[in-house]
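The values are calculated or read from the model by the stated rules, or taken from the named source; none is laboratory data. This structure is a prediction, so every number in the text was calculated from the model and none was measured. Note that we place each Cβ from the backbone using ideal geometry, even for glycine, and neighbour counts take in every protein chain shown. Note: accessible area is taken over every heavy atom of the protein model, side chains too, but ligands, DNA and RNA are not part of it. Shrake-Rupley method; radii C 1.70, N 1.55, O 1.52, S 1.80 Å.
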Amino acid sequence: MNLKQAIGKGKRQEEVDVNIIPVMNIFLLLIPFLLLTAAFVQLAVVELSLPSLNKGQNQQAVERPQKLVLVILAVKETGFQLKAQGFKFDPLNKVNNQYNYRQLIGQLQQIKQMHPYAEDIFISPENNVKYDIIIKVMDRCRETGFPNVSLSG
């Protein structure tokens, strides 16, 4: 017995065909699945106006009165608490486990009647308030004439 036969180099190797049919079947199923799931992804954009650091005043700031009204809306697990200068509002608790948006709109309209130039409102949600509730509150604020909504921690 010689050295080549002992190592195994003397054997003839047969050509083997690679079976790629199972891999092609996986891709055949994977590509339509990825295309179908990509169609269901939708993005939504919420417009926020954040305070700017510019010291220059724009045209709107010159036209309206310089007296600023601080309006803070606390969104809690139990309901709403609205605070504004010159107003004392009772907390708006949930009714039948639902937030009371109607009374919130009424309180915001009272502030708007007293200060028609006020456009800024700060929303301060608790940590366990759902994002959907915050978006609904922001929509109600815009409906009543407070377009500049800011979120506070």
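Just a yes or no: is a residue in the range 123-139 more than 16 Å from the chain's Cα centre (by Cα) and over 12 Å from Leu73 (Cα atoms)?
Residues of the range 123-139 that are more than 16 Å from the chain's Cα centre (by Cα), as a first pass: none.
Among the residues of the range 123-139, not one is more than 16 Å from the chain's Cα centre (by Cα) and over 12 Å from Leu73 (Cα atoms), which makes the answer no.
Are there any pairs, at least 6 apart or on different chains, whose C-beta atoms fall under 8 Å, with the first in the range 138-153 and surrounded by fewer than 16 Cβ atoms within 10 Å (Cβ to Cβ) and the second of a type in the set (Ser, Thr, Tyr) and at pLDDT 90 or above, and if so, which?
Close Cβ pairs (under 8 Å, with a partner that is of a type in the set (Ser, Thr, Tyr) and at pLDDT 90 or above) amount to Leu151/Ser124; Ser152/Ser124; Gly153/Ser124.
Just for the range 81-111: of the residues that are aliphatic (A, V, I, L, M) and open to solvent by 30 Å² or more (accessible area, probe 1.4 Å), which one is nearest to the chain's Cα centre (by Cα)? Show your work before the answer.
Of all residues in the range 81-111, those aliphatic (A, V, I, L, M) come to 82, 84, 92, 95, 104-105, 108, 111.
If we keep only those that are open to solvent by 30 Å² or more (accessible area, probe 1.4 Å) too, we end up with 95, 105.
Numbers: Val95: 26, Ile105: 22 Å.
Looking at the filtered set, the residue picked out is Ile105.
Would you check if there is a residue in the range 66-80 being of a type outside the set (D, E, K, R), assigned to a helix (DSSP H, G or I) and either in contact (Cβ under 8 Å) with a residue 40 or more places away in the chain or out of contact with any strand residue (DSSP E or B) (no Cβ under 8 Å at 6 or more places or on another chain) (or both)?
no
Among the residues of the range 131-144, is any in contact with a helix residue (DSSP H, G or I) (Cβ under 6 Å, 6 or more places away or on another chain), outside any loop (DSSP other than H, G, I, E, B) and at pLDDT 90 or above? I'd like the intermediate steps shown before the answer.
The initial filter retains those residues of the range 131-144 that are in contact with a helix residue (DSSP H, G or I) (Cβ under 6 Å, 6 or more places away or on another chain), namely 140, 144.
Narrowing the set further to residues that are outside any loop (DSSP other than H, G, I, E, B) leaves 140.
Now narrow it down to the ones that are at pLDDT 90 or above: 140.
Yes, the conditions are met somewhere in the range 131-144.
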